[in-house]
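What follows is a single structure, written as structure tokens, with notes after it.
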Amino acid sequence: MKKNPVGAILVLLATVVVFLGLCLPFYKVDAFGTQMTVSLMYAEGISVVAIIWAAFAVLTLIFALAGVKVPVLIFGILTALGMFLSYTLNNSTLEEYETLGAFVEKGIGNTLCLVGSIAILVASIIYIITTKSNKAAKVDGAAA
């Protein structure tokens, strides 16, 4: 497999966005005089779900740097689905807090999780499209 530096850089940038989304404040809750800020990575210790999505993002990056096409797409899809599911489930929980009279403010981590899930999926697809196989690379090399 021929390595694709542009595609790998896109996957790297998307992975950084995912990690920022996991580490930055996901939401702030103000209820009954108590304020709480929570991120997915540091919610009462390290969240297992956040570790799984972070691992999928890192595996996507590792396979992109190694030049392997199919695992990049597979882990890109898994990361995107996982981040989107976390985003959806956490937002439904936040709506429940709001119905109880709590003031809930979505943090930047909330937005970055959504953007990161889309970015890593798009970066994986671009990586697959722009990476040439060994056969195509040999044909291009022979033609030159």
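The values are calculated or read from the model by the stated rules, or taken from the named source; none is laboratory data. The model shown is predicted, which means the values in this text are computed figures rather than measured ones. Here the Cβ is made from the backbone with ideal geometry for all residues, glycine too, and neighbour counts use every protein chain on show. Ligands, DNA and RNA are excluded from the accessible area calculation, which covers all protein heavy atoms including side chains. Shrake-Rupley method; radii C 1.70, N 1.55, O 1.52, S 1.80 Å.
Of the numbered conditions (1) of a type in the set (A, V, I, L, M, F, W, C); (2) surrounded by 15 or more Cβ atoms within 10 Å (Cβ to Cβ); (3) over 23 Å from VAL38 (Cβ atoms), VAL70 satisfies every one except a single condition; which is it?
With respect to (1) of a type in the set (A, V, I, L, M, F, W, C); (2) surrounded by 15 or more Cβ atoms within 10 Å (Cβ to Cβ); (3) over 23 Å from VAL38 (Cβ atoms), VAL70 is out only on (2).
In the stretch 125-140, is there at least one residue being in contact with a Cys (Cβ under 9 Å, 6 or more places away or on another chain), surrounded by 15 or more Cβ atoms within 10 Å (Cβ to Cβ) and at pLDDT 70 or above? Quick ask: steps written out before the conclusion?
Start the filter on the stretch 125-140 by keeping residues that are in contact with a Cys (Cβ under 9 Å, 6 or more places away or on another chain), which leaves none.
No - not one qualifying residue is present in the stretch 125-140.
Answer with yes or no whether VAL115 is at pLDDT 85 or above, in a helix (DSSP H, G or I) and within 30 Å of THR34 (Cβ to Cβ). Quick ask: steps written out before the conclusion?
Details: at pLDDT 85 or above: yes; in a helix (DSSP H, G or I): yes; within 30 Å of THR34 (Cβ to Cβ): yes.
Spelling it out, VAL115 is indeed at pLDDT 85 or above, in a helix (DSSP H, G or I) and within 30 Å of THR34 (Cβ to Cβ).
Criterion first (open to solvent by less than 30 Å² (accessible area, probe 1.4 Å) and more than 13 Å from SER124 (Cβ to Cβ)) does GLY76 satisfy it?
Details: open to solvent by less than 30 Å² (accessible area, probe 1.4 Å): yes; more than 13 Å from SER124 (Cβ to Cβ): no.
No; evaluated as a whole, the condition is false for this residue.
Among the residues of the stretch 1-27, count how many are crowded, with 24+ Cβ neighbours inside 10 Å and modelled with pLDDT of 80 or more. Walk me through it before giving the result.
Residues of the stretch 1-27 that are crowded, with 24+ Cβ neighbours inside 10 Å, as a first pass: 11, 14-15, 18, 21-22, 26.
Remaining after also requiring modelled with pLDDT of 80 or more: 11, 14-15, 18, 21-22.
The total comes to 6.
Looking at (1) open to solvent by 50 Å² or more (accessible area, probe 1.4 Å); (2) in a helix (DSSP H, G or I); (3) not basic (Lys, Arg), which one does GLU105 not meet, given that it meets all the others?
Looking at each condition in turn, GLU105 falls short on (2).
Out of everything in the stretch 38-58 that is on the phi < 0 side of the Ramachandran plot and open to solvent by 60 Å² or more (accessible area, probe 1.4 Å), what residue ends up being modelled with the lowest pLDDT?
Step one: list which residues in the stretch 38-58 are on the phi < 0 side of the Ramachandran plot, which gives 38-43, 46-58.
Narrowing the set further to residues that are open to solvent by 60 Å² or more (accessible area, probe 1.4 Å) leaves 42, 46, 48-49, 51-52.
Working: TYR42: 65, ILE46: 55, VAL48: 73, VAL49: 74, ILE51: 79, ILE52: 79.
Among those that are on the phi < 0 side of the Ramachandran plot and open to solvent by 60 Å² or more (accessible area, probe 1.4 Å), it is ILE46.
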